[in-house]
Every structure is written in C-alpha cells, then in structure tokens.
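Only the coordinates and a few stated rules stand behind these numbers; no lab work does. This one's a predicted model, so the numbers in the text were calculated from it and none came from an experiment. Counting neighbours? That spans all protein chains shown, and the Cβs are built from the backbone with ideal geometry, glycine included.
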C-alpha cells in the first residue's frame, strides 16, 4: 500500500542541518557531514549523473527508496536555498541543472507563485502556495501506487508530522555532533513512533519508524 514517508539524515545530537545556512553553505555549518554516508555510494552518484561509487548495505537503502518513490515534496530552501520573490532568487532554477535526480513529480512549498517547470529525465517542479497538506494531496494524485517522499528540509518534515500526514519516517543517524542548527523534532513530535527496522551501515545507522496514530 502506498505510504507518505520522510527520509532524512540526522546528527547524534538531533540536528538535520547545521547553523547559519546560506547559498554557499546550504546545509549550514557542518551540515554536509550528515550526508557523507550517501555521497560516496554508487546508487547516489548514478542518480546525480556521476561515475563510480561504492556498493554496500547503504546503497541498497537508496535504491529501495528511489524505486518506491512516485512523487516528492520539499521546501523552498531545499529547492533553491532562497526566499522572497522568485525574480530576486539568485538560485531560482534550483541546485540540479537541466536533469534533476528525482525522475518524478516534485512539489515545492513556497509563498510565491510560479509556473510548473518540466525538466529532462522525468522530473517536474510544481510550486505549491497553499501549504503542506495541499502539496501532499497533489503528490499522492501523481504518485499513484507508489509512495510520496517528504524529502525535507527539517521544517517541512516537522509540518508534515504536525499535520498527521506521515505514515513512516526513516532517520539516517550519522556519527556527527553539530551542537546547533535545525532539530528534526523541535516543534512537532508525533504521538508515538514504533521502530520497524534498524540497519547498521558502515557510516550511519538507519532507523525506520512507523507513525502511531
């Protein structure tokens, strides 16, 4: 049965991004360390058009996720790192060039309207101005029998949790201490979490939770 799920990397002290995010440092100071477990992998590199990479239990998780994802929801900061009117955003076209790695419809939460963009490789970007519930609803309609992935950042996952939209969340815990930044459960803690799987990878521990209603 299709699910709405989140998939996010987190530090040992609970942060999904470091402090002082900027266009030059979009994940905040130290935030890139959270994703080192994935950046080295063949499954991640192939999706981004890069050669090489390692194959291990971590790459199996990425393949599992991409294979079951029919649509993606993300925030404006994950898309471009910017804010305000699109014409003032120096990164208005996003981080990924003409062929983004999603290969599925992506719904971007924003306060500023914009026309849908069709990209190479099957990715489209629809800009949603009426909230996370609308974004997830539209994503479900596009995903069909596949899952909707709430990709981030942390604030969007928090909004989805608070609205009761998530069925599952997978946290990739990296052996990193950031000290400050964006916490995953800062403002929205679900009623309960049930562990359904734990996988110890070479560079992260992957914990999958079912959201208990």
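List of remarks:
- Check on residue 173, surrounded by 16 or more Cβ atoms within 10 Å (Cβ to Cβ) and more than 23 Å from residue 82 (Cα to Cα): yes
- The strands (runs of 3 or more DSSP E) located wholly in region 132-213 that include 1 or more residues which are touching a helix residue (DSSP H, G or I) at 6+ places or on another chain (Cβ under 6 Å) and under 30 Å from residue 116 (Cα atoms) occupy 147-152.
- Leading residue by the ranking (surrounded by the most Cβ atoms within 10 Å (Cβ to Cβ)) among those in region 87-115 that are farther than 23 Å from residue 161 by Cα and under 15 Å from the mean Cα position of the chain (by Cα): 100
- Within region 58-90, tally of residues that are part of a loop (DSSP other than H, G, I, E, B) and within 14 Å of residue 46 (Cα to Cα): 0
- Of the residues 75, 70, 28, 84, the single one that is over 14 Å from the mean Cα position of the chain (by Cα), closer than 23 Å to residue 109 by Cβ and surrounded by 16 or more Cβ atoms within 10 Å (Cβ to Cβ) is 28.
- Identity of the residue in region 41-57, touching a strand residue (DSSP E or B) at 6+ places or on another chain (Cβ under 8 Å) and in a helix (DSSP H, G or I), that ends up surrounded by the most Cβ atoms within 10 Å (Cβ to Cβ): 42
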